[in-house]
Amino acid sequence: MARLEILNPVARTVEHSVKPASRLATLEGATIGLYWNMKAGGDSALDRTEALLREKFAGTKFRRYTGSVGWLMRHCTAEDADRIAAEVDAVVGTTAD
Amino acid sequence: MVELERRGIPTVLFTAQTFVHDAHRSAASFGLAGLPLAVVPLPFTNQTPADIHGMAERAFDQVRAGLTRPVEAPKAVERPPLDERLRYDGDDLLDAWGRMQADFLVRGWADGFPLVPPTERAVGALLRSTRRGPGDVIATLEPGFGIATVEKLAINAVMAGCGPEHLPLLIAAVRCLAEPKMYIRNKAMSTGPHAPLVLVNGPKGRAASLNSGMCALGPGAPSASNTVLGRAVRLTMMNVGHTYVGVSDMDTIGSPLKYSLCCAENEAESPWEPYHVTRGFAPDASTITVHFVYGICELHDFRSTTPEHLVQVFATAANNVAQVGTGLWLIGRRADPRSKTEEKEHNTLFVCPEHAQIFAKAGWGRREIQAALYRAARLPFRTMILNKEPKAMEVAHPELAWLADHPDLPVPIVEDPTCFDIAVVGAAAGRGAYFYGAGEPVTMPVED
């Protein structure tokens, strides 16, 4: 019998914690941000989502966004996030491929 | 989206099934493991509008729920085991080693090749090669925000087959990876095959027997030092940066370049100042440069005897619109929104010594090659825009909208001439290499 003892290669990580936002009681009358990261096809998904939300929830309003920096994918800066947060009640995004 | 949640705005993300694990892991690394998703079966890319609309319709209930139902408690996230020592028993040491290999593969900690066991004695030998202490933190490495202590780097270096001479080089490489401008989060997690090309300059590379000549990129005994250092960078990205395939590395096809891609510049046979001098370092400094690259194309030319002719041949390698970086400047710059860094898309050329001499004899240096290549490497706008999102170009360069009316106009494949990085590598005979790059190279000094 033999034993091989080695050192663990996996690094510990810095942990972050963000409290999720409170959800909306209803989508009726809400202003919804539609965030597209500019990857192909995401705009079509948001088009259809907007149409469905309009159809099912009275008084919804919409604002379209993309990030102010980036290339294949456009990213949201802190300033973008501040602006969006000030203008809408909720956001539907296409950023996760 | 996590930043919007932080600001009190509920969000929901469309996510293709294949990226669900990635999305959860990414959100968790930013502190919000339970970020709501609207899961669709396929990525929207390459789908027709009708198919995309269908997917959006079928995911609509998830959109509604994501914005209105309380977010569930964060899902459990894999954490590194707290046990800093691992033990494997077997009939003999070879058997125990086999069990270690099998376990590391199951855990995702291995690159697929057999690993050298990181015993305390082997790791200790590496730790004695740096003035830094084992607990010194070199960086926090994304995408997993892993704490890159000197000891963890040494452990992964041993696993790769490195000796003590490699640890200071690996430390410099990790500093390159962690530089904000590197935006490694994007390159590590992307669906594209981003491989870290590691270029070593200076006396410490020579002391570590890094090969710059024949078959510098391997395989073979002359490049053994190159191979293990490049491999250590990959294992460090995995086990320190937590870049794990299918979890936080979503590369759709992979690349053999990602196992190990490392060499030294052939400074002895270069007619020019060493590459690192062009990056602002002293000629006698030792440096590591890391440039993430997607792929490689040979620069073969046995016939040319003039710089102009060589550049025409080189330009044919650059003019490859199927390569993502080609003409990418038309739709913006790679950018990390947190650090507000931006990168131009660079490509690296390894010019072989014979070709370098042709340029030098005609009085050409890097700057002349860059300028000539910038003029020669162009494609018609209609070709360049084939695989790019036109709306992204409208946002990035509204002033260039007129190009649509001149589809045959040749457009440069990079943003400016400095986007071609040139080093001399290889042996006799007219064969170099062109690397299709991802963003900009980063260079760091090797510490004593």
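The values are calculated or read from the model by the stated rules, or taken from the named source; none is laboratory data. As the structure is a computational prediction, the values presented were derived from the model and not from experiment. Positions of Cβ are generated from backbone atoms using ideal geometry, with glycine treated the same way; all protein chains shown enter the neighbour counts.
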- Within the bounds of the stretch A:58-69, is there any residue that is more than 7 Å from chain B (Cβ to nearest Cβ) and assigned to a helix (DSSP H, G or I)? no
- Is the stretch B:191-205 home to any residue that is within 14 Å of chain A (Cβ to nearest Cβ), more than 13 Å from the chain's Cα centre (by Cα) and part of a loop (DSSP other than H, G, I, E, B)? no
- Selection from the stretch B:177-195 of residues over 20 Å from B:THR287 (Cα atoms) and among the charged types (D, E, K, R) yields B:ARG185, B:LYS187
- When only residues in the stretch B:88-112 that are farther than 22 Å from B:LEU257 by Cα and among the hydrophobic types (A, V, I, L, M, F, W, C) count, which is farthest from the chain's Cα centre (by Cα)? B:LEU93
- Yes or no: B:VAL12 among the hydrophobic types (A, V, I, L, M, F, W, C), more than 18 Å from B:MET159 (Cα to Cα), more than 8 Å from chain A (Cβ to nearest Cβ) and in a strand (DSSP E or B)? no
- Query: Which strands (runs of 3 or more DSSP E) does the stretch B:321-434 wholly contain that include 2 or more residues that are farther than 18 Å from A:HIS75 by Cα?
  - Reply: B:347-351, B:378-380, B:410-412, B:420-424
- What are the residues in the stretch B:279-304 that are surrounded by fewer than 18 Cβ atoms within 10 Å (Cβ to Cβ) and outside any strand (DSSP E or B), if any? B:ARG279, B:GLY280, B:ALA282, B:PRO283, B:ASP284, B:PHE302, B:ARG303, B:SER304
- Note on the structure: Checked pairs for the stretch A:32-52, first facing another protein chain (nearest Cβ under 8 Å) and among the basic types (Lys, Arg), second surrounded by fewer than 22 Cβ atoms within 10 Å (Cβ to Cβ) and part of a helix (DSSP H, G or I), C-beta under 9 Å and 6 or more apart or across chains, list as A:ARG48/B:PRO49; A:ARG48/B:HIS53; A:ARG48/B:GLY54; A:ARG48/B:GLU57; A:ARG48/B:PHE60
- Message: Restricting to the stretch B:224-255, name every residue that is away from every other protein chain (no Cβ under 11 Å), more than 13 Å from the chain's Cα centre (by Cα) and either more than 21 Å from B:VAL174 (Cβ to Cβ) or surrounded by fewer than 18 Cβ atoms within 10 Å (Cβ to Cβ) (or both).
- Response: B:ALA224, B:VAL245, B:GLY246, B:ILE253
- Task: State yes or no: is A:LEU53 more than 30 Å from B:ILE155 (Cα to Cα) and part of a loop (DSSP other than H, G, I, E, B)?
- Result: no
- A:ALA2 vs. criteria at pLDDT 95 or above and surrounded by 22 or more Cβ atoms within 10 Å (Cβ to Cβ): no
- Item | the stretch B:3-29, residues that are touching a helix residue (DSSP H, G or I) at 6+ places or on another chain (Cβ under 6 Å) and surrounded by fewer than 21 Cβ atoms within 10 Å (Cβ to Cβ) | B:ARG7
- Looking at the stretch B:98-109, is at least one residue at pLDDT 95 or above, more than 13 Å from B:GLY241 (Cα to Cα), in contact with a strand residue (DSSP E or B) (Cβ under 9 Å, 6 or more places away or on another chain) and β-branched (Val, Ile, Thr)? no
- Which is of a type outside the set (A, V, I, L, M, F, W, C), under 26 Å from the mean Cα position of the chain (by Cα) and modelled with pLDDT of 95 or more, of B:THR140, B:THR119? B:THR140
- Message: Take B:LEU310 and tell me if it is without any contact (Cβ under 8 Å) to a residue 60 or more places away in the chain and either basic (Lys, Arg) or more than 14 Å from chain A (Cβ to nearest Cβ) (or both).
- Response: yes
- Determine which member of the set A:GLY70, A:GLY42, A:GLY33, A:GLY29 is over 30 Å from B:ASP89 (Cβ atoms), surrounded by fewer than 20 Cβ atoms within 10 Å (Cβ to Cβ) and not basic (Lys, Arg). A:GLY29
- Message: Going through B:LEU386, B:LEU400, B:LEU373, B:LEU379 one at a time, which residue ends up being in contact (Cβ under 8 Å) with a residue 60 or more places away in the chain and touching a strand residue (DSSP E or B) at 6+ places or on another chain (Cβ under 6 Å)?
- Response: B:LEU373
- Item | Of all residues making up the stretch B:385-415, the number that are within 14 Å of another protein chain (Cβ to nearest Cβ) and not polar (S, T, N, Q) | 15
- Residue tally, condition more than 25 Å from B:MET189 (Cα to Cα) and either assigned to a helix (DSSP H, G or I) or facing another protein chain (nearest Cβ under 8 Å) (or both), over the stretch B:23-55: 5
- Query: Looking at the stretch A:74-90, is at least one residue facing chain B (nearest Cβ under 8 Å), touching a Leu at 6+ places or on another chain (Cβ under 8 Å), assigned to a strand (DSSP E or B) and crowded, with 18+ Cβ neighbours inside 10 Å?
  - Reply: yes
- Of the residues B:ALA122, B:ALA148, B:ALA157, which is part of a helix (DSSP H, G or I), within 14 Å of A:VAL10 (Cα to Cα), touching a residue at least 12 places away in the same chain (Cβ under 8 Å) and out of contact with any Pro (no Cβ under 8 Å at 6 or more places or on another chain)? B:ALA157
